[in-house]
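One structure is given here, and the rest of the page talks about it.
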Amino acid sequence: MCGIVGYIGKRDAYPVLIQGLHRLEYRGYDSSGVAMISNTGELNVYKAKGKVEALEHFAQSKDLNGKIGIAHTRWATHGEPNDINAHPHCSQSGKFALVHNGTIENYNVLKVALLKHGYSFVSETDTEVVVQLIEYIQDTNNCSLFDAVREAMKQIVGAYAIAVIDRDNPDQIIAARQSSPLVIGVGDDEYFLASDATPIIEYTNKVVYLNDGEIAVINRGEKLHVFKIKGETETSINITELKMSIEELEKGGYPHFMLKEIFEQPKTLADCISGRITSDGKKVVLSGVICNKEKFLNANRIIIVACGTSWHAGLIGKHLFEDFCRIPVEVEYASEFRYRNPVVTDKDVLIALSQSGETADTLAALELAKKSGAFVFGICNVIGSSIPRATDSGCYIHVGPEIGVASTKAFTGQVTVLAMMSILIGQMKGTIDKATFEKVAADIRRVPKLIKEIFKMDSQIKDLAKIFTYARNFLYLGRGYNYPAALEGALKLKEISYIHAEGYPAAEMKHGTIALIDDEMPTVVIAIKDNVYEKTLSNIQQVKARNGRVIAIVTEGDDVVSKLVDYTIEVPEISECLTPLLTSIPLQLLAYYIAVNKGRNVDQPRNLAKSVTVE
Ligand code: F6R
């Protein structure tokens, strides 16, 4: 969480920093701030509680000149969101300003020591301790800023990406990273710094991803230097070329990123599939799997670790791998797995599923499995992020930047990759027959077109949303492949509309949850024609018998369910294992329209951030 931006070069820093903060606002939006060294040598720091817009408003009458600066958008961990706790934080003398993404675990111990040395603190944050520590080290050792930052990083325990500037040296930024992402954009005699590449892409497509334990010296107009924090040697720099476009980062005429991303799914899934299923539909080409064939063929078990929406996609992965590969699968919340003492062996394959590739718990879970000798495979969206860099192999979902905090296109991308992987491994193992392989492969290719069909019901879903905006609670029921889709539908509604919603396996409802049903609690039932269709019909009748109001997601042409329920939304027929790719679409739209009707901030719901880099 939190986003940091930095700039040094020929341009005015402020517009670059503000635009960068807007791009990173999805990472946190409790407060924001900038620090710039003016052309006359002052260190100007401006901060404001709330969104970047509030900062812009506050700063408009201030001195905004300067060709070097750092900026921050915050998701509060230590200390409430207010102007004082907002970054950048300054050292006691006012000489250094620092921005930080991450959490410092030993900040209290360091703070007590610094208090004894006469330092005082104005904020409640862990970050202020870091900048004071840097000043203390420089004062006592009379060393350069680089040496002081390096020594401070050796003393702190925790996760960080930081950038520091020195009022007395307007030609340098020092940056360092440990467990939080940091990208350096390399322009023409100018450098950009950010938590991800989105603030950088409009200026340069050349970037350097800083690795854990590295510190960068960014001097105006000079070559970039990167060193290990622990160790003397300079490390070689690897410049990567970005493939992202600016259009992908704009709303493109939609009122919200979330709506844009929902409607983008036919294209993003076409991109995800592109080149991965041969034109004759007989082969799946996923090199990360093929090159590690033996690992999958010899796997005793697959463990999928993930959080939130990605965990829901993982549950669908379990069905897919068990159906087509006959490999036992466990799906774990990364945050639970990492703090247990799980039994993991070198015969296990661990799949880390993550849109951002930065989720701290997922990263820690995969590191734990790696230590036990498991083969670790990543399925991520953000290219060059921490998880793909920490895994043995993997596969990107290629759905483009997802900016709306509620995940939509990444979920369908993850399920699509899991489906392709499962039939590929099944084919390699001989556990899927040729006809099933070819049917599923052909149906995967039909998904983008079928999603477009579902969009024809957009206005019907919008009308339904009007009817149910009043509700205070919702129940979502599904079975088999669509139980995770029900969980995901409930999560979408909760996180953007703040309506309580519960996802449940339809048949489990009668063991307790059924007590909640009355005419005030709508139930959304996924009742498509699958192997438990008849059973789901009974579950619907159980809800109706208790005066429940039911919205059903049904297979096109189904006229049985429509007679039982209050409202239906049809989705086209497809292989059962791919149905969540279709049933999840109307649930995304329903949640979106209800949240809009309630006047919620759909793209930036309260208390949330897109990239969860805290534990
Ligand atoms: C919900 C949502 C979150 C994320 C979760 C994991 O819409 O987006 O639940 O799925 O925080 O994030 P990633 O996939 O980036 O690891």
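A short reminder: the numbers here are calculations on the coordinates, not readings from a lab. Since the structure is predicted, the reported quantities are computational estimates derived from the model, not experimental observations. Cβ placement follows ideal geometry from the backbone for every residue including glycine, while neighbour counts extend to all protein chains displayed.
Using the average count of surrounding beta-carbon atoms within 10 Å as a protection proxy, the listed peptides 19-28, 484-493 rank, highest first, as 484-493, 19-28. The residue among V217, A410, L587 whose Cα reaches farthest toward the positive pole of the charge dipole of the chain, with charges on the beta-carbon of Lys, Arg, Asp and Glu, is L587.
Under the classification rounded if a/c is under 1.5, otherwise prolate if a/b is larger than b/c and oblate if not, where does segment 3-248 fall, given a ≥ b ≥ c as square roots of the Cα gyration tensor eigenvalues? Rounded, since a/c falls under 1.5. Beta bridges from DSSP with both residues in the chain: antiparallel share about 60 percent, rounded to the nearest 5.
Under a model in which nothing but the beta-carbon of Lys, Arg (+1) and Asp, Glu (-1) is charged, segment 309-428 shows a dipole of about 100 debye around its Cα centre. Rounded if a/c is under 1.5, else prolate if a/b is larger than b/c, else oblate: which is segment 432-535, with a ≥ b ≥ c the root eigenvalues of its Cα gyration tensor? Because a/c hits 1.5 or more and a/b fails to exceed b/c, segment 432-535 counts as oblate. Using only side-chain charges placed at the Cβ, +1 for Lys and Arg and -1 for Asp and Glu, the dipole size of the chain relative to its Cα centre rounds to 920 debye. Bridging of K295 to lysines at a Cα separation below 17 Å is possible for K347, K370, K371, K429, once same-chain residues fewer than 8 apart are set aside. Spacing of the modelled spin labels on N547 and C291, each 7 Å from Cα toward Cβ, amounts to 6.2 nm. Using C-alpha pairs under 8 Å with a sequence gap of at least 6, the mean separation divided by the residue count of the chain gives a relative contact order of 11 percent.
Segment 493-540 and segment 305-330 have Cα centres lying 22 Å from one another. Using the rule -39500 (n - 2.57) for each DSSP H run of four or more residues, divided by the residues of the chain, the 222 nm mean residue ellipticity is -11000 deg cm²/dmol. Of the residues R11, R340, the one with the fewest other Cβ atoms within 10 Å heads the list, and the complete ranking is R340, R11.
Once the Cα-Cα distance is subtracted from the 0.36 nm per residue extended length, the E42 to K116 segment shows a gain of 23.7 nm. Charge dipole (Cα centre; +1 on Lys/Arg Cβ, -1 on Asp/Glu Cβ; no other charges) of segment 455-605 amounts to roughly 400 debye. Excluding same-chain neighbours fewer than eight residues apart, the lysines reachable from K10 by a Cα-Cα span under 28 Å are K47, K51, K62, K67, K95, K206, K223, K243. Shown for V543, V532: other C-beta atoms within 10 Å of each C-beta, ranked fewest to most, produce the order V532, V543. Rounded, prolate or oblate: which fits segment 252-432 when a ≥ b ≥ c are the square roots of the eigenvalues of the alpha-carbon gyration tensor, with rounded for a/c under 1.5 and prolate only if a/b beats b/c? Taking the square roots of the gyration eigenvalues as a ≥ b ≥ c, segment 252-432 is oblate. Residue exposure proxy: I383, I397, I403, ordered by other Cβ atoms within 10 angstrom of their Cβ from fewest to most, comes out as I383, I403, I397. Lysine pairs in segment 476-615 whose alpha-carbon atoms fall under 29 angstrom of each other, counting only those eight or more residues apart or on distinct chains, come to 25. Identify, among L259, C272, T431, the residue whose Cα sits farthest towards the positive end of the charge dipole of the chain, taking +1 on the Cβ of Lys and Arg and -1 on the Cβ of Asp and Glu, with the dipole about the Cα centre. The residue sitting most towards the positive pole is T431. Please name whichever of I137, F58, L182 sits farthest to the positive end of the charge dipole of the chain, dipole taken about the Cα centre and charges placed at Cβ: Lys and Arg +1, Asp and Glu -1. My answer, from the dipole projection, is L182.
Reported to the nearest whole Å, the Cα centre-to-centre distance from segment 588-604 to segment 123-172 is 42.
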